[in-house]
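The values are calculated or read from the model by the stated rules, or taken from the named source; none is laboratory data. This is a predicted model, so every value here is computed, not measured. Every residue, glycine among them, receives a Cβ derived from its backbone with ideal geometry; neighbour counts consider all protein chains shown.
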Amino acid sequence: MFRSKMVKSKEFEFYVKADLRRYEGKYIAIVEDKVVASGNNAKEVFEEAKKKTGKIPTMAKIPREETLILTLKWK
């Protein structure tokens, strides 16, 4: 039986637990447990975060409230 281990980072834990509603529809850059940059252009957000922190940020796009995500299992 195949089992995969999910590697959890500080950034992932922050993303899952944080209230990010104010960033709906925007890209965010996370370093450790902070949003260090946000905006409408992923490349600009990435570069701003890298410049501010000197680190490679974890990037995410926060869905709008009305976004519905479905997961389907195909047979």
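Could you look through the stretch 36-54, keep only residues that are in a helix (DSSP H, G or I) and not basic (Lys, Arg), and pick out the one that is farthest from Tyr23 (Cα to Cα)? Steps first, answer last, please.
Of the residues in the stretch 36-54, the ones in a helix (DSSP H, G or I) are 42-53.
Cutting the leftovers down to not basic (Lys, Arg) gives us 42, 44-49, 53.
Values: Ala42: 13, Glu44: 15, Val45: 12, Phe46: 15, Glu47: 18, Glu48: 16, Ala49: 15, Thr53: 20 Å.
Checked the stretch 36-54; the qualifying residue farthest from Tyr23 (Cα to Cα) is Thr53.
Give me a count of the residues in the stretch 27-43 that are more than 21 Å from Glu13 (Cβ to Cβ) and surrounded by 14 or more Cβ atoms within 10 Å (Cβ to Cβ). I'd like the intermediate steps shown before the answer.
Step one: filter the stretch 27-43 for residues more than 21 Å from Glu13 (Cβ to Cβ), giving 39-43.
Next, from what is left, pick out any that are surrounded by 14 or more Cβ atoms within 10 Å (Cβ to Cβ): 39, 42.
Residues flagged as more than 21 Å from Glu13 (Cβ to Cβ) and surrounded by 14 or more Cβ atoms within 10 Å (Cβ to Cβ) within the stretch 27-43 amount to 2.
Can you name the residue in the stretch 51-71 that is polar (S, T, N, Q) and surrounded by 12 or more Cβ atoms within 10 Å (Cβ to Cβ) and is also modelled with the lowest pLDDT among such residues? Lay out the reasoning, then the answer.
So the first thing to find is which residues in the stretch 51-71 are polar (S, T, N, Q), and the list is 53, 58, 67, 71.
From what's left, surrounded by 12 or more Cβ atoms within 10 Å (Cβ to Cβ): 53, 58.
On the way: Thr53: 97, Thr58: 94.
Within the stretch 51-71, the match that is modelled with the lowest pLDDT is Thr58.
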